[in-house]
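Structure first, then comments.
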Amino acid sequence: MPVKPPLTDLPIRVSKSGFYRGFTKDVTITGKILVGALIIWAIAFPDQAAAVLGDLNSLILAGFNYWYVYSMAFFVILCFALALWPSAGRLRLGHEDDRPEFSNFSWFSMMFGAGIGIGMLTFATAEPMYHFAKNPSTIMGLTEGSTAGNVREAYVWSFTHWGLAAWSAYAIVGLALAYFCYRRGLPLTIRSALSPIFGKKLSGPIGHAVDVVAVVATVLGVSQTLGFGVEQFISGLSRIGVGDWLYATAADGTRSSSALGIIFALIIIMGASTLSALSGVGKGIKWLSNINMGLSFFVLCFFLVFGSTFFGLSTLFVGIWDYLVSIPANIFTVWAEDNTEVGDALAGWQGGWTIFYWAWWIAFAPFVGVFLARISKGRTIREYVLGALIIPAIMCFVWFAMVGGTAIDLELSGVADGAIAGAGQADQLFAMLAVILSESLAYVMSILIVILLLTYLVTSADSAVLIINTINAAGDEGPKARMHILFWGAALALVVGGLIIAGGLGAIQTAMVIGALPFSFVMVLMGISLLIAIYRDAQREKHGLPTTYVEATAPAE
């Protein structure tokens with residue numbers, strides 16, 4: 001059977017004039033309607049929205065837990081298979097003479113800042129502390145919570161959630177998009193990555209549906225990230241003395257972010273991010289990414305000097321070893337309710353942590369994937385995969401070991417006396433600074449953390465707006481539609497604010513888990529499409545056929 005040439009033309013109808021000039025109306029308007037309906041529902045009927053989202057979340061966690069776990073395992077295996085597959089690893093994302101646009105430092109800075117930076121500031125302290133107190137080993141009675149014997153298990157799960165699995169989800173989407181965009185000349189939009197399966201049918205309703213699913217998943221995934229960031233930003237502002245009005249106190253004495261505090265934080269974050277988005281990826285986003293990477297290294301150096309250095313470094317190396325040994329079991333293990341105390345507790349823990357994270361990374365993947373594709377032209381598949389998987393994962397491990405390790409050591413030694421463990425998730429990093437530093441130095445460091453957090457928030461939000469517009473514009477980065485940038489900036493702010501007010505961060509979490517499910521099916525198909533395309537290209541090379549598109553040249557005058 002003769003080898004067919006690859007698909008190098010996927011026409012997507014866009015408006016030629018008017019408000020939506022350059023955009024695909026089917027995708028853009030549908031996405032706006034769905035996101036707008038969610039905003040109105042969450043703000044107008046908060047109790048009903050929280051209840052319905054919670055029921056759907058429980059249904060998904062019970063019915064699709066196996067799917068989420070095995071899908072993420074598939075992404076990890078596929079990434080390493082492509083990197084180690086000789087004929088695949090040497091393929092360049094573009095023509096053979098294409099070379100990377102950005103330096104390795106800028107590439108990594110933008111990738112890390114957009115991909116995981118916000119979560120690091122919140123969870124580098126909070127997650128090791130939580131697993132230090134409770135994890136599957138404590139549930140099964142193998143270790144005792146909040147003791148030295150439970151530190152290693154705490155880091156196995158912290159590294160599992162923030163390690164190779166997270167970055168493999170991002171890498172697969174980015175790799176598929178970059179492959180079909182830069183080698184095939186197809187539009188830089190999600191549907192292009194499914195061309196080996198659906199072909200030119202992607203020009204119609206099937207392709208529109210895929211892109212709409214990606215837009216909604218992006219909004220919800222980024223909203224989850226911004227939600228955590230907003231809570232910590234408010235906590236930081238409170239620590240540096242902005243005012244008590246940032247919090248509201250309930251009748252039972254519990255404190256939570258006030259509506260005024262949320263609105264204030266979102267105005268600052270989304271205002272700055274919208275201005276940055278208007279400047280484009282090569283200017284505002286690049287410089288912000290470099291700034292927050294520099295500040296991140298400074299904070300890490302601070303913890304190396306003032307933190308629990310030996311404890312953190314030993315935790316890092318032992319934790320990486322324990323994590324690597326645990327991978328075969330942990331990425332395939334699914335705990336389902338079995339009507340026993342231990343079995344139900346394990347299922348509940350996995351639903352609240354591992355499944356939640358897998359859904360978060362999947363919902364975040366269209367955003368990070370498109371962004372990775374945009375900044376990765378000219379790199380080989382092996383270079384891309386190893387760079388996008390291993391380096392960011394190691395960076396996450398260092399953060400968790402040095403920052404979270406310091407918190408655990410302070411609690412184990414009794415120095416913190418419960419000040420860190422007793423603080424809320426968003427406030428634990430600031431509480432730790434107050435323990436290890438004098439009041440004046442803690443104040444200065446808190447200001448620095450607030451600035452770093454703001455740069456991460458702005459980078460993620462403005463990148464998300466640009467990515468959503470790229471998908472809506474059929475992969476075209478050209479339309480500089482200010483009103484659409486302003487719309488999606490406002491939409492992100494309203495989704496975050498509306499869902500937090502409706503039911504706190506839990507409401508954003510449940511909406512995100514629901515929105516991630518449809519895109520998880522798209523992602524699996526993207527991985528399969530990539531395998532098909534690389535195999536067919538190998539066959540074409542054997543027959544001396546071209547595997548990349550021919551760029552159109554301007555006619556001679």
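The values are calculated or read from the model by the stated rules, or taken from the named source; none is laboratory data. The structure presented is a predicted model; accordingly, all values stated were derived computationally and were not measured. Every residue, glycine as well, gets a Cβ built from its backbone with ideal geometry; the counts of neighbours run over all protein chains shown. Heavy atoms of the whole protein, side chains included, go into the accessibility calculation; ligands, DNA and RNA do not. Shrake-Rupley method; radii C 1.70, N 1.55, O 1.52, S 1.80 Å.
For the cross-link pairs 25/377; 16/201; 25/200, which exceed 26 Å when the distance is taken from alpha carbon to alpha carbon? It would help to have the intermediate numbers written out before the result.
Details: 25/377 28 Å; 16/201 22 Å; 25/200 19 Å.
Table pairs above 26 Å Cα-Cα are 25/377.
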*Run a plain Debye calculation on the range 299-453 (Cα atoms as equal point scatterers, no solvent) and give log10 I(q)/I(0) at q = 0.16, 0.17, 0.18 Å⁻¹, rounded to two decimals, same order as the q list.*
-1.18, -1.24, -1.27
*Place a label point 7 angstrom from the Cα of residue 255 along the Cα-to-Cβ direction, then list the residues of the range 406-436 whose backbone nitrogen is under 20 Å away.*
416-436
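Send over the per residue convex hull volume for the range 412-532, Cα only, as a whole number of Å³.
On the way: hull volume 23.1 nm³, N = 121.
Taking only Cα atoms, the range 412-532 has a hull volume of 191 Å³ per residue.
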*Please work out the ratio of the alpha-carbon Rg of the range 1-109 to 2.2 N^0.38 Å and round it to two decimals.*
1.70
*Compute the distance in nm between two label points, each set 7 Å from the Cα along the Cα-to-Cβ direction, one at residue 545 and one at residue 133.*
6.0
*Pairwise label distance in nanometres, residue 448 with residue 486, each label 7 Å out on the Cα-Cβ vector*: 3.9
*Semi-axes of the chain's equivalent ellipsoid from the Cα gyration tensor, sqrt of 5 times each eigenvalue, largest first, rounded to whole Å?*
38, 27, 23
*Taking only Cα atoms, what is the 0 to 90° angle, nearest 10, from helix 309-330's long axis to the longest principal axis of the chain?*
50
*Assuming R0 = 35 Å, what is the FRET efficiency of residue 440 and residue 412, from their Cβ-Cβ distance, to the nearest 0.05?*
0.85
*In the range 152-273, what is the volume of the convex hull around the alpha carbon atoms, normalised per residue and reported in Å³?*
202
*Report, in degrees rounded to the nearest 10, the 0 to 90 angle that the Cα long axis of helix 65-84 makes with the longest principal axis of the chain.*
60
*asked:* Report the Cα centroid-to-centroid distance between the range 74-150 and the range 408-487 in angstrom, as an integer.
replied: 18
*Over the range 29-99, what percent of the accessible surface lies on carbon and sulfur atoms, probe 1.4 Å?*
71
*Spacing of the two label points (7 Å from each Cα toward its C-beta) at residue 142 and residue 340, in nm*: 1.4
_Taking the 0 to 90 degree range and rounding to the nearest ten, how far is the long axis of helix 205-239 tilted relative to the main principal axis of the chain, both from C-alpha atoms?_
30
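What longest region of the chain stays clear of chymotrypsin sites (Phe, Trp or Tyr not before Pro) that DSSP places outside H, G, I, E and B and that have at most 14 other Cβ atoms within 10 Å? Write down the numbers at each step before the final one.
On the way: sites that count: 19, 332.
So the longest stretch without any such site is 20-331.
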*Calculate I(q)/I(0) for the range 36-171 by the Debye formula, one identical point scatterer on each C-alpha and no solvent, and give its log10 at q = 0.09 Å⁻¹ to two decimals.*
-0.49
*In the range 364-445, what percent of the accessible surface is made up of carbon and sulfur (1.4 Å probe, ligands and nucleic acids excluded)?*
60
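Suppose all protein chains stay in the model; what accessible area per residue would a 1.4 Å probe give for the chain, in Å²? Mind showing how you got there, number by number?
Working: 21360 Å² over 557 residues.
Roughly 38 Å² per residue, with all protein chains present.
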_At 1.4 Å probe size, with the rest of the protein present, what percent of the exposed accessible area of the range 101-180 is carbon and sulfur atoms?_
55
